[in-house]
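J.: Below is the structure I would like to discuss, written out as structure tokens.
The values are calculated or read from the model by the stated rules, or taken from the named source; none is laboratory data. Model, not experiment: these values are computed from the prediction. We place every Cβ from the backbone using ideal geometry, glycine too, and count neighbours over all the protein chains shown.
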């Protein structure tokens, strides 16, 4: 940690800061520059994380040097993590597509959708049984019934199932039915939920919050990893910006940055980012080109009558065309899909 | 709801949209303008909230007219809600200050702090027993032990206690010790938690999320109210913007807008917004002037040794001075503190 | 325009609003809904743009229906604009790359760079002679000398030159040397400068401002078009968000949205968006996949000694590799490069 | 400057970085920590500002220590700058209000408005003769005619005039009529314009851009100061955020931060920030409480018929009431108005 002192910091203040740092077990290195004195705290920076160094008299600013995440970092494990799930995997050179409806509605619709997305090349089935909705008056999902439908669609097609967990009390229930547990954007910093899915041990798909920084996303992954579970798939799904032409702004630069910082697989959810089905294809193709390990795409056989997110769902035929287009780009960058 | 059609929308498309709306029980009003045809859907708009009108062929954009929140709106109840808590209240002409440490540490420290803030004029004691922390390696709070300390500090001083709930499984436990249950910024859209505190029936202090819009904050309050609990205090605590000079940007304009939209009391938390103790006083004074019904201020007898948020905690003497300054401004705007 | 009235709007208020609109030459259509009265103003909406309808008593909100831009919109001209510049063009099925150093330094370096980027397939040479710098103490560009070097590099290679105009007083000077006049992000709403380049009649490359909405970008293009010059290339170069891992956030979804709204060509500048050379390749490839008509890439033979933006400049060998990679993606999406 | 090296940086890379820094005339201090090697560059950091240190092999990140602004900083001049303008001043303990219409319309209206705001206690008259408008089809201001009306309103009332400069070619013209030259938010980084007003020597009111950081605002002020003109008034007028309930988000925390960083006076423009007349009073009162040296408020005798920004203009009677309210708050914080 680097502590920059105020121009007029007194000797007593400097001494006091030094004592504080040394008391926490770190060594102190003092550098008196032309304009400012700078203190370097050498040792395990995490011990300083609780100390309110910025509040000490004489301190102007504090700059951490060490990264706050450990287990999920490239420093800890350099080779990419490939997560095996059922008969498939994610994180390797093959790009995986996770497709399905926003929310589970009927068993027949779901199985039909699962078959179609499988035929087009999707390797995972997605679908929500518990839905986080902005309004208490909106459809909240079918609950356990939905989980059962997901399971039978999975049994029918062999596609592993990705579904969202919203409440720590449902962890066991969802772990029973799901192959991958999704943590939604609004729960990226629901720390209790993160610990629970860490303990559950199942693969986790962790979505970046609407205002989550890349660093915070990694810290949330660290919560899961700290419980001994490093089967974590990170997902960028658009961030909140001032632009209103799209629902959110898809931050594709998060992909190369995450790939540099962490060994975990990174996927893109263009459907939620843009919120309009006609923008999904170009963003999905860009996600392949930028280096994503997978995509999460909403597909619905009858978007007009979907109970949620119909406006951003692709029909199976459009999805099939998109898969073909994405496959060409995957080939162009030396990957497969 | 107003549906603006594309320039080249066909008759069949228009007919299809009309049928869709009428099937949901609303009346349709067609207006053919010079450049665009516009459809007005007249009736209960909430019935359309699930229909993906934007996805229908021929539709360019959809504009809701009715507000998505009901129970918390001024339309539903025009006179301001005054919430009685213990021997005090919030939402009336007296401005209330909620003060105390970020996290509960020892019983002695807490009681000392409670007495001091009471002497300075605070009417509520705040303190965290369960702490949401970005890092899994940071101090996570004392848990139930912390709740007990809060209770005894309250018994000692008569100040009602405000403390945070992070996990639906702790609702009963916290309801037992707390007078007001706080929902933190990161949980503003943790919808299950919102329903739980709604059911618990205790007064709730609901913080605006870092990227929560004012409309979304009101929808989250609606989740609580929909369970029959309208004892809700709304709290602005800074939003995430591009500016890095402060931790977050305190959006004081949220106060007059919320006062116009809702009958619920609105308080300001300057401590978390700015993240630096030396900026709290000016922002707190501005919060009084802008019309807030209360303030949430972090006070710690020994910020240097605080286990969390020391950098943004005021010492009791500084807090006392600030209370005096705020009181003058309260008087200037015709309120009391 | 749709005017939504307050619940308690009086008859007099409604009458007053009607008169106001009719006085401006529009017809009024009144629709009394269950909860709100809505007024539709039918006719040329631009006549209402100056009228402070929101401020009229009884008005709750005002929603424009017509788009504020005309000449640059797809409604005005549906087929894509292909701009011929020297022996090349932009806006057609061939993707064009504009490459070169951030700022012009020496004639020899520039000519060397121009030859190399041409060999790799770039069709335009970029380079700044007048540089907008955050600090008054930074290198501000070579001025006219730099323009001369650009001209000779262009004469040597046949590549048309793109260079920035910062000051209306330099318009004639720059028009003499440049083939395309660039308006930088910080000048997107420098309306006088926009009118000047409109009058100059040369092709213009207009960058989106750091906080410019897509609508505002189109309005700024309209300023140029309103002077009779519709040879405008729009450029997305990253917007300002809360994320600090990259300098700005590249908003690739702007490409499909702009392609839908306007007939003008759209290019992407990944170099300024990310600010780090190692992130340029993935973002450039994504830009091709998303459908951009061209790219603006900073190339410098000796980035370590560049007088500006060295950290985000590619060496010619890296640029050559990137061109090869981008060409494969262009082929995969059915375009050429 | 602190340069943090990558974990696997080689000796050759370290040596190369050292040479680079020493060649620029700074001393190097090497600190080999447990996890990372850190290089401190000691001396005049501005010499490094052009060097692309981040691009050197082995470098992970670069952290500046010195502030990039000099003349406008508290380090350079500690006591607050009080700027004398006509028979008044700004920056001292008296809070000054600058009031008037958005744009100058007729001489009679302007003189009437000037008299009324003077009677209410305003000390400066504002009004635009050259208006930056998003649309090329909107009213662009009266130009020189407007300047003449401003002059006569000033002669009539004794109020010094604040008006906007948009084009370097108009500098002399505006300097002839205006007492304070305003640089609008969209021109905060129009560096040529900044240099021009620096040279003109007249007091300048510099508005923060919609996405300008506090540091960038100070750098733009430095551009003016670098020309020998330090009569600069800084103005916060709302920043662009994701919230759409207000036009922009007024960042009142900018006031205490700017007062700490610079000796220049700081004023608040609530009218442009919120864009709605009914929100101006609470925000203006908050601006007084937070410590602003002045306010910029739009006042129009007939907002309904204003040619621009009518929706956010106060009528003279409302302005008069607001002045009375603000005066009470000024007294409460020990200042006068």
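J.: Among the numbered conditions (1) modelled with pLDDT under 95; (2) surrounded by fewer than 24 Cβ atoms within 10 Å (Cβ to Cβ), tell me where residue C:242 comes up short.
T.: Every listed condition holds for residue C:242 apart from (1).
J.: Please indicate, with yes or no, whether at least one residue in region C:149-160 is within 14 Å of chain D (Cβ to nearest Cβ) and surrounded by fewer than 24 Cβ atoms within 10 Å (Cβ to Cβ).
T.: no
J.: Which residues, counting only those in region B:6-28, are more than 14 Å from chain C (Cβ to nearest Cβ) and assigned to a loop (DSSP other than H, G, I, E, B)?
T.: Once the filter is applied, which keeps residues that are more than 14 Å from chain C (Cβ to nearest Cβ) and assigned to a loop (DSSP other than H, G, I, E, B), region B:6-28 yields B:10, B:24.
J.: Restricting to region D:201-230, and then to whatever is over 12 Å from the mean Cα position of the chain (by Cα) and away from chain C (no Cβ under 11 Å), can you tell me which residue is surrounded by the most Cβ atoms within 10 Å (Cβ to Cβ)?
T.: So the residue we want is D:203.
J.: Taking into account only those residues within region B:325-337 that are part of a helix (DSSP H, G or I) and touching a helix residue (DSSP H, G or I) at 6+ places or on another chain (Cβ under 8 Å), which is surrounded by the fewest Cβ atoms within 10 Å (Cβ to Cβ)?
T.: B:331
J.: Residue B:125: buried (at least 22 other Cβ atoms within 10 Å of the Cβ), farther than 18 Å from residue B:309 by Cα and either modelled with pLDDT under 95 or more than 14 Å from chain A (Cβ to nearest Cβ) (or both), yes or no?
T.: No; evaluated as a whole, the condition is false for this residue.
J.: Can you tell me which of (1) crowded, with 22+ Cβ neighbours inside 10 Å; (2) in a strand (DSSP E or B); (3) not assigned by TED's automatic domain parsing to the domain that holds residue C:9 is the one residue C:41 doesn't meet?
T.: Unmet condition: (3).
J.: Six or more apart or on different chains, Cβ under 6 Å: which pairs go from a residue in region B:179-192 that's outside the structural domain of residue B:267 (by TED's automatic domain parsing) to one that's surrounded by fewer than 24 Cβ atoms within 10 Å (Cβ to Cβ) and modelled with pLDDT of 95 or more? Could you list them?
T.: Here the result reads none, with nothing in region B:179-192 linked to a residue that is surrounded by fewer than 24 Cβ atoms within 10 Å (Cβ to Cβ) and modelled with pLDDT of 95 or more.
J.: Among the residues of region D:279-309, which ones are facing chain C (nearest Cβ under 9 Å) and without any contact (Cβ under 8 Å) to a residue 40 or more places away in the chain?
T.: D:303, D:304, D:305
J.: Follow-up question, since we're still on this one. Using the structure shown, decide if residue D:65 is more than 14 Å from chain C (Cβ to nearest Cβ), more than 24 Å from residue C:280 (Cα to Cα) and in contact with a helix residue (DSSP H, G or I) (Cβ under 8 Å, 6 or more places away or on another chain).
T.: yes
J.: Quick one: residue A:23 ticks every box in (1) under 21 Å from residue B:139 (Cβ atoms); (2) surrounded by 15 or more Cβ atoms within 10 Å (Cβ to Cβ); (3) over 34 Å from the mean Cα position of the chain (by Cα) except a single one, so which number is it?
T.: For residue A:23, the failing item is (2).
J.: Another one. In region A:278-310, how many are crowded, with 24+ Cβ neighbours inside 10 Å, in contact with a strand residue (DSSP E or B) (Cβ under 9 Å, 6 or more places away or on another chain) and assigned to a helix (DSSP H, G or I)?
T.: 7
J.: Does any residue in region A:48-71 that is at positive phi come within less than 6 Å, Cβ to Cβ, of a residue that is surrounded by 19 or more Cβ atoms within 10 Å (Cβ to Cβ) six or more places away or on a different chain, and which pairs are these?
T.: From residues that are at positive phi, the pairs are A:58/A:5; A:58/A:9.
J.: OK, next. Among the listed residues A:31, A:46, which satisfies the condition of being within 11 Å of chain B (Cβ to nearest Cβ) and outside any loop (DSSP other than H, G, I, E, B)?
T.: A:46
J.: Does residue D:317 qualify as being within 30 Å of residue B:323 (Cα to Cα), surrounded by fewer than 24 Cβ atoms within 10 Å (Cβ to Cβ) and either more than 12 Å from every other protein chain (Cβ to nearest Cβ) or in contact with a helix residue (DSSP H, G or I) (Cβ under 9 Å, 6 or more places away or on another chain) (or both)?
T.: Considered against the rule, which asks whether it is within 30 Å of residue B:323 (Cα to Cα), surrounded by fewer than 24 Cβ atoms within 10 Å (Cβ to Cβ) and either more than 12 Å from every other protein chain (Cβ to nearest Cβ) or in contact with a helix residue (DSSP H, G or I) (Cβ under 9 Å, 6 or more places away or on another chain) (or both), residue D:317 comes out as no.
J.: Here's another thing I want to ask about it. Can you pull out every residue in region A:185-200 that is at the interface with chain B (Cβ under 8 Å from one of its Cβ atoms), over 12 Å from the mean Cα position of the chain (by Cα) and surrounded by fewer than 24 Cβ atoms within 10 Å (Cβ to Cβ)?
T.: A:192, A:195
J.: Filter region D:261-277 down to residues that are more than 8 Å from every other protein chain (Cβ to nearest Cβ), assigned to a helix (DSSP H, G or I) and either at pLDDT 95 or above or surrounded by 24 or more Cβ atoms within 10 Å (Cβ to Cβ) (or both), then give me how many there are.
T.: 3
J.: Looking at the structure I just gave you, is residue B:273 touching a helix residue (DSSP H, G or I) at 6+ places or on another chain (Cβ under 8 Å), assigned by TED's automatic domain parsing to the domain that holds residue B:135 and farther than 21 Å from residue B:91 by Cβ?
T.: In short, yes.
J.: Does any residue of region D:237-244 turn out to be part of a loop (DSSP other than H, G, I, E, B), without any contact (Cβ under 8 Å) to a residue 12 or more places away in the chain and touching a helix residue (DSSP H, G or I) at 6+ places or on another chain (Cβ under 9 Å)?
T.: Yes, some residue in region D:237-244 is part of a loop (DSSP other than H, G, I, E, B), without any contact (Cβ under 8 Å) to a residue 12 or more places away in the chain and touching a helix residue (DSSP H, G or I) at 6+ places or on another chain (Cβ under 9 Å).
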